[in-house]
Amino acid sequence: MADFPAADRIAVAVSGGADSMALLLLLKEWGRASLVALTVDHGLREDSAAESAKVKEWCTVEGIFHEILVWEGEKPTSNIHELAREARYSLMTAYCKSQNISQLFLGHHLQDQAETFLIRLARGSGVQGLKGMAAIREHNGILLCRPLLKVPPERLKATLTARKKSWIDDPSNHNLKYTRTKMRQLAGILRDSGVAFERISHAMDNLSRSDNALEHYALSHLQATAHAYAQGYVHIFLPDFLKSPQEITLRCLRSLLMAVSGNTKPPRLENLLELEKTLQKSFVKRTLHGCLLYLTGDTLTLCREPASCMKNTLKGAETLWDGRFLLNGTVENIKPLGTLGWQRINKTEMGKALRPLPYPVRLTMPCVWDNDTVVSMASGVWVTQDALARNWLAHSKFS
C-alpha cells in the first residue's frame, strides 16, 4: 500500500466477491485513510438488490460507510459485460468527484491480470494492450488503484476465511457465454500445464517496461514534429513526422486522434495503418475517428471534424464539452459555433478574434447561445484521457 499516494479519504469498489471484500478489510486494517465503500447495483439479476443490501450490512458491521449506486435506465441485451463495466466506472468516479475523493481502490488480482492478457492476446493486441492493467491509472479524473495485482485469488479467500468473513459468488462468473469466463477456464488449463499466473505477470511486467520506453520516444517525437494549439487542433510537419519507426508513428497518430476528437476509445489499428499509408502517398483531405485531416504544403492539420460535433450541447452542471474542453465558470447552453454562427459573427469583434483559426476549427469552437444568437465564446481548457497526449499537452507552449 505504501506505493499509492497518501490521502485522507479513499473509496473502494465492493461487489461482495471475495477479492473486493478482502481488499476492503485489508484497507481497513491498513488504517491510513477513511474508507467509503461503493457497490454498484447493475439491476441485471433478480438478486442484485439483495446482494447490494447484504454488502451494506457487512460494511455496517465493520463500521465502514457504504453507498449503493444504481445503474438506472434501459439495460443492454448484448455486450453486457463491457457496457456494465463502463457504467460501473462512470457511476463510481462520478461519486468520487462529487465527494472530493481522488482515489478509487479496486480488487483486481493476479488471475484477473492473466485473464486480461489472454483476452487481449485473442484480440491481437500489441504491447500497450498486453501489458495489462496498471497498478495506478487515471480515469475520469480519478486515480484507479489496484494493489492486489500480484496476489493470487486463493490468498484473498484465505484472508477472509481466517477472519471468518463471508463473500458472495456471482453466478455470471461461471457463465460460458461471457468471454472472460472462457478465458478464466483457459487460464486454469494453462496453469495446470505449468504456465503459472506469476509467469504471465512477469511477461506483462516486461511488456510494460517496453511500452514505457516506446511512450518516451513517442513523446519526444511529438515534441519535435507537432505543435498543439489551445483551440484543440494540431499542426504536424509531415516529412519529419513520417521518418520515425512505424510503431512510434502509429502511437502518435492514435493519441492525437483521441485528443482532438475527445474520444475515450482509440481508433482501430487497421484504420491507423491505413491512415499511415495514406499520409505517405498523394494526400489532400480525409476524416477519421471524428477528426478532419488535411494537408497544406508540408503541414498536416488535424482538427475536430465539424460534422461530428454539431449536435453536442451542454446544459446544467456539466463542465466537459465534446469530450475535449473542460469549461470554466457557469456553463449554460453551450453549442458549437457552426456555419450559421460564423455567418452571424464573422464581421464582429468575436469574428475578428476567431479569424486567425483554420475555418473548420472555428466551426467547432464551443459558444454560449441564447436561442439563435451567439452570445460569447466559452472559455475552457483542452483535456484528454489519453496519457501520451495529456503528457504532450502539459509540456506544450500554446500559441
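Worth a mention:
- Applying the criteria of a DSSP loop state and at most 14 other Cβ atoms within 10 Å to the trypsin sites (Lys or Arg not before Pro) of segment 327-399 yields Lys347, Lys397.
- Within segment 280-317, trypsin sites (Lys or Arg not before Pro) in DSSP loop having at most 12 other beta-carbon neighbours inside 10 Å: Lys281, Lys311, Lys315
- Estimated from helices alone, the mean residue ellipticity of the chain at 222 nm is -13500 deg cm²/dmol (sum of -39500 (n - 2.57) over DSSP H runs with n ≥ 4, per residue).
- Long pairs among Lys165/Lys265; Lys243/Lys285; Lys281/Lys311; Lys131/Lys281, criterion Cα-Cα beyond 29 Å: Lys165/Lys265; Lys281/Lys311; Lys131/Lys281
- Proxy reagent accessibility, fewest Cβ within 10 Å first, across Ser396, Ser125: Ser125, Ser396
- Quotient of C-alpha Rg and 2.2 N^0.38 Å, computed over segment 9-195: 1.02
- For segment 89-217, the spread of Cα positions along each principal axis, largest first, Å: 49, 46, 30
- Computed on segment 146-290, the Cα convex hull volume stands at 198 Å³ per residue.
- Computed over segment 301-399, the range of Cα coordinates on each principal axis works out to 38, 31, 23 Å, biggest value leading.
- DSSP-defined beta bridges in segment 286-399 - what % are antiparallel, rounded to 5: 100 percent
- DSSP beta bridge pairing in segment 9-195, given as percent antiparallel to the nearest 5: 20 percent
- Antiparallel %, DSSP beta bridges [both residues in the chain], to 5: 70 percent
- Residue-wise HN-Hα coupling along segment 14-27, computed from phi with Karplus coefficients 6.51, -1.76, 1.60 (Hz; x: Gly, Pro): 10, 7, x, x, 4, 5, 6, 5, 5, 4, 4, 5, 5, 5
- Environment charge at Thr348 (Cβ cut-off 14 Å; Lys +1, Arg +1, Asp -1, Glu -1): +4
- Prolate/oblate/rounded call for segment 235-399, Cα gyration tensor, a/c under 1.5 rounded: prolate
- Put in line by how crowded their Cβ is, counting other Cβ atoms within 10 Å and starting with the fewest, Ile119, Ile334, Ile80, Ile189 read Ile189, Ile80, Ile119, Ile334.
- Prolate/oblate/rounded label for segment 227-277 (Cα gyration tensor, a/c 1.5): oblate
- Charge dipole of segment 9-195 (Cα centre as origin; +1 on each Lys and Arg Cβ, -1 on each Asp and Glu Cβ, all else neutral): 620 debye, rounded to the nearest 20.
- For the chain, the calculated P(r) over all alpha carbon pairs, in 10 Å bins from 0 to the bin holding the longest distance, is 4, 19, 27, 25, 17, 7, 1, 0 percent.
- Annotation note: trypsin sites (Lys or Arg not before Pro) in segment 118-179 located in DSSP loop regions with a Cβ neighbour count of at most 13 within 10 Å are Arg123, Arg163, Lys164, Lys177.
- Top of Gln103, Gln231, Gln343 by mean-square fluctuation, Gaussian network on the chain, Cα under 10 Å: Gln343
- Dipole moment magnitude, nearest 20 debye, the chain about Cα centre, only Lys, Arg, Asp, Glu C-beta charged: 660 debye
Bear in mind these aren't lab numbers, they're just calculated from the coordinates by the rules spelled out. Remember, predicted model here, so these are calculated numbers, not experimental data. With ideal geometry, Cβ positions are generated from the backbone for all residues, glycine too; neighbour counts draw on all protein chains shown.
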